[in-house]
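Taking it in order: structure first as structure tokens, then the write-up.
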Amino acid sequence: QMWEEAIALGKELAEQYENEMFDYEQLSELLRKQAQFYENIVKVIRPKPDYFAVGYYGQGFPTFIRNKVFIYRGKEYERREDFEARLLTQFPNAEKMKTTSPPGDDIKTSSGQYIQCFTVKPKLDLPPKFHKPVSEQIVSFYRVNEVQRFEYSRPVRKGEKNPDNEFANMWIERTIYVTAYKLPGILRWFEVKSVFMVEISPLENAIETMQLTNDKINNMIQQHLNDPNLPINPLSMLLNGIVDPAVMGGFTNYEKAFFTEKYMHEHPEDHDKIEKLKDLIAWQIPFLAEGIRIHGEKVTEALRPFHERMEACFKQLKEKVEKQYGVRTVPPSVDERRGSRPRSMVRSFTMPSSSRPLSVASVSSISSDSTPSRPGSDGFVLEPLLPKKMHSRSQDKLDKDDLDKDKKEKKKEKRNSKHQEIFDKEFKSTDISLQQSEAVILSETISPLRPQRPKSQVINVMSSERRFSVSPSSPSAQVTPPPIMPRTKLSFSLQSNLELNGMSSSDMTDIPPPLPLKGSMADYGNLLESQDLISPTTSPPAHQRVSP
């Protein structure tokens, strides 16, 4: 489960597949594995093994382990007693030492075998790339892996014993062990190369303990925010042990030991450390508030009285701390440390498309309305689509379409009337004899012997929406002028009336009718290339029948 190491090796292989071997099939498979490793790092909870310091003292051991100390990495969930039993099976004649202090020369030079074993704590050494706060799920790997320094703390009392408060004179003797290589490595144990010892004062121990407690609360909050299905029991025990410290007394012992006038007068150099301890106590309140809020959301009915008592204890604790040390607000790291999307955004993007609410932009695109969307709405604001709003928008669209249709009809009628005025103006000065010939044309136009023009052509000509372009390559268009027949609009309207009176398209002949008459030569195209196209049943043009 050391996926971080697998990712590092995978990156080396990916470089070879991509730039040296050009094996993209292997590269794609490798990248899929890496993606799974990254997902496992965030989602899978890995067990944290314990580390044990083992000393082999006496001349009865082999030379390569004689009078030396080694750091062992235990197996998953392996307790110290099980590890000691496993170790003593290799040396059945060895004697287990009862103390954790370094032995004297008499034991080191004796002919027997003495084994000293105790649990040590690995010291976190984060890689340089983690230069800002990251998720605890990512950092937890480096708390027990790639570690080279280990510490063991042993309490030591100095001065007079205070029966009322044991924290006032409790010093910590801390031993640091540095191994030859980082653990885990090619072996599960390495030799200790250097050992040094430091002493921690009671005030420094109190600061360290408060910092560790706050980190523990924060980490558990992050775990429950990342995975709502986690059991609630560990959170209940942690919160109740802090807000209702029936046994140890909580940080009240620190107040009695260090926040007194006597201690400040005897240790003026510790003023900054006392202020830091007060600040840590004040910061614990917002962490506890967040933890109790999560506990209240997940608590069962059976544990409801327990939760209510915990809330009552926290209320008293909060009033006391905020009155003495000030009010602190939850830092951004509690909610933003994970660096992931907000839960609402993640939920909206992972919902199926069928149940996902439509945005305003989606509604407007579906209705294809030309009106702009409401102000302040965009594609990122997800709003439910109300049926009432959709109905009103559709009704507005229908009303607007009707208005547009009326406007088009008015423009069309205006355009036709304008063409009629131009046509009448051009033929107003025509000779009176032409008008006499108009009656002849009319009588022939409405004659049943004349084939009827299709309805589509009549509509196209009347609406004046279809124009024929002039082809410069047509010789007849340049030489022979088209016949001029006035009153074309009247003749075509009569044809449409005939069609309404019962003449169907089945009465039409295969001979095409003549082209519609225009007011100028340029309106005829290259379709009229010869006079032979004119129907034989049509009378000759008017200007040929007029007598001089």
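The values are calculated or read from the model by the stated rules, or taken from the named source; none is laboratory data. Computed from a prediction, not measured in an experiment: that's the story for all the values here. When we count neighbours, we look across all protein chains shown, and the Cβ atoms used for this are built from the backbone with ideal geometry, even at glycine. Just so you know, the surface numbers come from the protein's heavy atoms only, side chains and all, with ligands and any DNA or RNA stripped out. Shrake-Rupley method; radii C 1.70, N 1.55, O 1.52, S 1.80 Å.
Just a few scattered comments:
- Which listed residue, of Phe190, Phe167, is modelled with pLDDT under 85 and open to solvent by less than 60 Å² (accessible area, probe 1.4 Å): Phe167
Residue-wise test of (1) part of a strand (DSSP E or B); (2) out of contact with any helix residue (DSSP H, G or I) (no Cβ under 6 Å at 6 or more places or on another chain).
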position: Ile176; (1), (2): yes, yes
position: Tyr181; (1), (2): yes, yes
position: Phe196; (1), (2): yes, yes
position: Asp215; (1), (2): no, yes
position: Asn219; (1), (2): no, no
position: Gln223; (1), (2): no, yes
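- Taken together, the criteria exclude Ile41 from residues that are farther than 30 Å from Thr99 by Cβ, assigned to a loop (DSSP other than H, G, I, E, B) and either β-branched (Val, Ile, Thr) or not assigned by the TED database to the domain that holds Ser110 (or both).
- Within segment 228-261, the residues that satisfy the criterion of being open to solvent by 30 Å² or more (accessible area, probe 1.4 Å), in contact (Cβ under 8 Å) with a residue 24 or more places away in the chain and not in a helix (DSSP H, G or I) are Pro228, Asp244.
- Test: Val54 is touching a residue at least 40 places away in the same chain (Cβ under 8 Å) and farther than 22 Å from Ile186 by Cα: no
Residue-by-condition table, conditions (1) in the same structural domain as Ile176 (by the TED database); (2) surrounded by 11 or more Cβ atoms within 10 Å (Cβ to Cβ); (3) of a type in the set (S, T, N, Q); (4) more than 26 Å from the chain's Cα centre (by Cα):
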site	(1), (2), (3), (4)
Gln26	no, yes, yes, yes
Arg66	yes, yes, no, yes
Gly74	yes, yes, no, yes
Tyr77	yes, no, no, yes
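- Summed over segment 154-174, residues that are of a type outside the set (A, V, I, L, M) and assigned to a strand (DSSP E or B) total 6.
- Checking Pro122, Pro102, Pro92 one by one, the residue that is outside the structural domain of Leu212 (by the TED database) and within 30 Å of Glu39 (Cβ to Cβ) is Pro122 and no other.
- Taking the numbered list (1) free of Cβ contacts under 8 Å to residues at least 24 places away in the same chain; (2) outside the structural domain of Phe150 (by the TED database) in turn, Ser194 passes all entries but (2).
- Of all residues in segment 277-314, those that are assigned to a helix (DSSP H, G or I) and free of Cβ contacts under 8 Å to residues at least 12 places away in the same chain total 6.
- Residue pairs meeting the criteria (Cβ under 7 Å; at least 6 apart or on separate chains; first charged (D, E, K, R), in segment 18-32; second surrounded by 10 or more Cβ atoms within 10 Å (Cβ to Cβ)): Glu18/Leu27; Asp23/Tyr17
- When Pro133, Pro127, Pro92 are screened for being under 43 Å from the mean Cα position of the chain (by Cα), at negative phi, part of a loop (DSSP other than H, G, I, E, B) and surrounded by fewer than 14 Cβ atoms within 10 Å (Cβ to Cβ), only Pro127 passes.
- In segment 193-214, the qualifying residues are those that are farther than 15 Å from Tyr254 by Cα and of a type in the set (Val, Ile, Thr), and the one that is most open to solvent (accessible area, probe 1.4 Å) is Val195.
- Matching entry among Ile107, Ile41, Ile138 (being surrounded by 14 or more Cβ atoms within 10 Å (Cβ to Cβ) and either over 30 Å from Asp215 (Cβ atoms) or over 41 Å from the mean Cα position of the chain (by Cα) (or both)): Ile107
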